[in-house]
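So the structure is just underneath, and the comments pick up after that.
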Amino acid sequence: DAKTTQPTSMDCAEGRAANLPCNHSTISGNEYVYWYRQIHSQGPQYIIHGLKNNETNEMASLIITEDRKSSTLILPHATLRDTAVYYCIVRVAAANNLFFGTGTRLTVIP
Amino acid sequence: GAVVSQHPSWVICKSGTSVKIECRSLDFQATTMFWYRQFPKQSLMLMATSNEGSKATYEQGVEKDKFLINHASLTLSTLTVTSAHPEDSSFYICSAMGSTEAFFGQGTRLTVV
């Protein structure tokens, strides 16, 4: 049970911001929101994670709603190399397992 | 960031033979590693949890006698697909937990002919 809902696919113009939504309405208080992406025929790559505060790193920003029932991953300036499947996962930080949902296939268009 | 290396990247084998896939954590120790399988256009499915020094834990529906997992050291886990059949053809991915996030190998594409 992935516990998250994401759109199946999205397109984004190169150079524009890509905003990928994720619903996790049943998230528990001790569960974090993690984002990974998988470029074709490669292993998943960690992007960012957060609990309740917004987070930013060199790859992306994560915006979590106040009620924590949804979040948005923002790639500020999408490039062609950002074309991938993006997975939103909720998990307890101490837990080891990652259960992947279907993810969002982001296509960055020139 | 931490690195997990998987070998080989791809392998082709004949039906009935066995194939071993290695997963190494290069710069950290991992008491637990995970093996996933991914069919074309599908998401990753957790197959089993590999525990250093003890038996692996398999997800429901995964045959433990067919997918042999060995985790003999803190940096190496192996997955052996025994008596491979064409339906075992898939993309196999391992991961290991860092301090806060999981790191994944580059995956192994297995084709059974």
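The values are calculated or read from the model by the stated rules, or taken from the named source; none is laboratory data. Just so it is clear, the model here is predicted, and its values are computed rather than measured. Backbone-built Cβ (ideal geometry, glycine too); neighbour counts: all protein chains shown.
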>> Restricting to region B:1-20, count the residues that are of a type in the set (Ser, Thr, Tyr) and either closer than 25 Å to B:Gly98 by Cα or touching a helix residue (DSSP H, G or I) at 6+ places or on another chain (Cβ under 9 Å) (or both).
In response: 3
> Do we find a residue being assigned to a strand (DSSP E or B) and of a type in the set (Asp, Glu) anywhere in region B:46-58?
Replying inline: no
> With A:Arg91, A:Arg16 as the choices, which residue is among the charged types (D, E, K, R), within 14 Å of another protein chain (Cβ to nearest Cβ), in contact (Cβ under 8 Å) with a residue 40 or more places away in the chain and farther than 25 Å from B:Arg109 by Cα?
Replying inline: A:Arg91
> Which residue pairs have Cβ atoms closer than 6 Å, lie 6 or more positions apart in sequence or on different chains, and pair a first residue in region A:41-58 that is among the aromatic types (Phe, Trp, Tyr) with a second residue that is modelled with pLDDT of 95 or more and assigned to a strand (DSSP E or B)?
Replying inline: A:Tyr46/A:Tyr36
>> Which residue is farthest from B:Phe39 (Cα to Cα), if the candidates are limited to region B:70-96 and must be touching a Ser or Thr at 6+ places or on another chain (Cβ under 7 Å) and buried (at least 22 other Cβ atoms within 10 Å of the Cβ)?
In response: B:His71
> Quick one: in region A:90-110, which of the residues that are modelled with pLDDT of 80 or more and not in a strand (DSSP E or B) is farthest from B:Ala48 (Cα to Cα)?
Replying inline: A:Pro110
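Might you let me know whether region A:1-12 holds any residue that is under 30 Å from B:Ala48 (Cα atoms), out of contact with any strand residue (DSSP E or B) (no Cβ under 9 Å at 6 or more places or on another chain) and in contact (Cβ under 8 Å) with a residue 40 or more places away in the chain?
Yes, region A:1-12 has at least one match.
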>> Any residue that is outside any loop (DSSP other than H, G, I, E, B), small (Gly, Ala, Ser) and closer than 27 Å to B:Phe39 by Cα - is there at least one of those in region A:63-77?
In response: no
>> Let me confirm something: among A:Pro7, A:Pro21, which residue is closer than 25 Å to B:Pro40 by Cα and assigned to a loop (DSSP other than H, G, I, E, B)?
In response: A:Pro7
>> Which count do you get for residues in region B:75-105 that are touching a residue at least 24 places away in the same chain (Cβ under 8 Å), small (Gly, Ala, Ser) and not in a strand (DSSP E or B)?
In response: 4
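If you check A:Thr72, A:Thr107, A:Thr83, A:Thr102, which single one turns out to be surrounded by 13 or more Cβ atoms within 10 Å (Cβ to Cβ), within 14 Å of another protein chain (Cβ to nearest Cβ), in contact (Cβ under 8 Å) with a residue 24 or more places away in the chain and farther than 24 Å from B:Gly98 by Cβ?
Exactly one of A:Thr72, A:Thr107, A:Thr83, A:Thr102 is surrounded by 13 or more Cβ atoms within 10 Å (Cβ to Cβ), within 14 Å of another protein chain (Cβ to nearest Cβ), in contact (Cβ under 8 Å) with a residue 24 or more places away in the chain and farther than 24 Å from B:Gly98 by Cβ, namely A:Thr102.
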> Residue check: is B:Asn51 within 12 Å of another protein chain (Cβ to nearest Cβ) and at pLDDT below 95?
Replying inline: yes
